[in-house]
1. Any residue at all in the stretch A:42-57 that's away from chain B (no Cβ under 14 Å), within 16 Å of A:Leu95 (Cβ to Cβ) and touching a residue at least 12 places away in the same chain (Cβ under 8 Å)?
2. What is the residue count in the stretch A:150-164 for residues that are closer than 19 Å to A:Leu200 by Cα and more than 12 Å from DNA strand D (Cβ to nearest atom)?
3. Tell me yes or no: at least one residue of the stretch A:13-21 is part of a strand (DSSP E or B) and over 14 Å from A:Leu82 (Cα atoms).
4. Do we find a residue being surrounded by 21 or more Cβ atoms within 10 Å (Cβ to Cβ), within 14 Å of another protein chain (Cβ to nearest Cβ) and in a helix (DSSP H, G or I) anywhere in the stretch B:29-36?
5. Among the numbered conditions (1) more than 9 Å from DNA strand C (Cβ to nearest atom); (2) within 30 Å of A:Gly63 (Cβ to Cβ); (3) within 27 Å of the chain's Cα centre (by Cα), tell me where A:Val172 comes up short.
6. Whether any residue in the stretch A:5-14 is at pLDDT 80 or above, surrounded by fewer than 23 Cβ atoms within 10 Å (Cβ to Cβ) and more than 11 Å from chain B (Cβ to nearest Cβ) is what I want to check.
7. In the stretch A:15-28, what count of residues is obtained for those that are away from every other protein chain (no Cβ under 11 Å) and among the charged types (D, E, K, R)?
8. Any idea how many residues of the stretch A:45-76 are at pLDDT below 85 and of a type in the set (A, V, I, L, M, F, W, C)?
2 protein chains.
Amino acid sequence: MSQARILIADDHPVMRDGLRRTMESYDIDVLETVADGRAAVAAVERLHPDAVLMDISMPAMDGIAATEIIRSRHADVVVICLTFHGDDAVHQKALEAGASIVLTKDVPAEDVVSVLLEVLAGEPVVERRSDRSRHGGELSLTAREIEILALITKGASTTRIGSELFISVKTVKNHLASIYEKLDVTDRTQAVLSALRLGLVSLDS
Amino acid sequence: MSQARILIADDHPVMRDGLRRTMESYDIDVLETVADGRAAVAAVERLHPDAVLMDISMPAMDGIAATEIIRSRHADVVVICLTFHGDDAVHQKALEAGASIVLTKDVPAEDVVSVLLEVLAGEPVVERRSDRSRHGGELSLTAREIEILALITKGASTTRIGSELFISVKTVKNHLASIYEKLDVTDRTQAVLSALRLGLVSLDS
DNA sequence: GGCTGAATGAATCGAAAGGCCTATTGGTCG
DNA sequence: CGACCAATAGGCCTTTCGATTCATTCAGCC
């Protein structure tokens, strides 16, 4: 097989540069590196790479949205998502968006390369992560619940959430109760902390 | 000047590998890469590098604690801290611990190299960051306040904090009020979020 | 067609949190 | 010594929150 042609999307220059060098040292052709999802979509249109190494949390357009667009336009372009968070919900979203695989950034660099080559070779690869796989935990928050979680992670009060989502305070409370139960906590502060640890929401949202 | 001999400490393998390759491409000798603060301290003892590229948030022992130990034992070893967060409080702590400079990970890789070489050459270098510098903010929480912040970051209730610290609920509330004022928030949830962003407390505490 | 789960809305009740005061005790600093 | 501040504590009052229970609508699914 000829040399793989890839694109790297990551908002951290150090990471971007490091990944590029790592890939190049394995004789992978890095066509370009970009800093956000929007640029990634544009670059794919222009360069038609074999694969994209896509960071999930990025400004302008996150990796999941970018993956969705890229995959819908170019089914032959493989997307491999990288993330710091070992969280199921995010991984699931990325896979649904069309990522071939989701790797946490705490896997060794060589593994990223080998997985990339495997995927390009057409081998079926399942999701791989490093440690603390929280299987059996199986917490599944609904979209609405995550939406509400995101709002309390911005410090919103119950009333505030209600008006932002155009639903009554009562309903918000009901959702909150469900969230608390699922996350096994008793108040919004603990819920925020738990959600942050699980990567369900991010601090800079 | 002869080739610089450095040590890299970062808990993310991808980052570790990337940094190593970046450094090596600039003809800097990377003696070893380690994954946490404890290992960094041990490696410095063994290898006496010229400098350490130290990530701040790491398991086992964070970069600040490691920096403090290293600098106290080897004043000739330069420590350069890297972090994702552009937060003053954390930067200040790192500098106080003996870091020569704190760089956010969103500066270009070449800058990391040039700063490293400048510092090794003995040139005075001031703190450099990419954007959003929050000068003039100058928030100073007391030790007690930070202690209480740490407890609410563990999800503790006001009553709980009181019994943990052997003070009355009223006193806790007073401290909380001061904290809210200093952080410019109105409730504990927002306080936790603000404290996390500022690096006053950490999620895994 | 009936079951289930998600989203919505609601009532009630007690506990917790937060706002706004005042006050005492010990330091520290000029 | 007097000024100031951190830490402690209390009172009072309002708002918010969380727990529990119930009901309705709508969608997907066997």
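1. Residues of the stretch A:42-57 that are away from chain B (no Cβ under 14 Å), as a first pass: A:42-52.
Now drop any that are not within 16 Å of A:Leu95 (Cβ to Cβ), which leaves A:51-52.
Keeping just the survivors that are touching a residue at least 12 places away in the same chain (Cβ under 8 Å) gives A:51-52.
Yes, that holds for at least one residue.
2. 3
3. So the first thing to find is which residues in the stretch A:13-21 are part of a strand (DSSP E or B), and the list is none.
No: the stretch A:13-21 contains no residue that is part of a strand (DSSP E or B) and over 14 Å from A:Leu82 (Cα atoms).
4. No, the stretch B:29-36 contains no residue that is surrounded by 21 or more Cβ atoms within 10 Å (Cβ to Cβ), within 14 Å of another protein chain (Cβ to nearest Cβ) and in a helix (DSSP H, G or I).
5. (1)
6. Yes, the stretch A:5-14 has at least one match.
7. From the stretch A:15-28, those away from every other protein chain (no Cβ under 11 Å) are A:27-28; that's our starting set.
From what's left, among the charged types (D, E, K, R): A:27.
Of the residues in that region, 1 qualify.
8. As a first pass, look at the stretch A:45-76 and keep what is at pLDDT below 85: A:45, A:56-76.
Add one more test, that the residue is of a type in the set (A, V, I, L, M, F, W, C), and what stays is A:56, A:58, A:60-61, A:64-66, A:69-70, A:75.
So the answer is 10.
The values are calculated or read from the model by the stated rules, or taken from the named source; none is laboratory data. No experiment lies behind these values; they were computed from the predicted model shown. Heads up, the Cβs are rebuilt from the backbone with ideal geometry, glycines too, and the neighbour counts pull from every protein chain shown.
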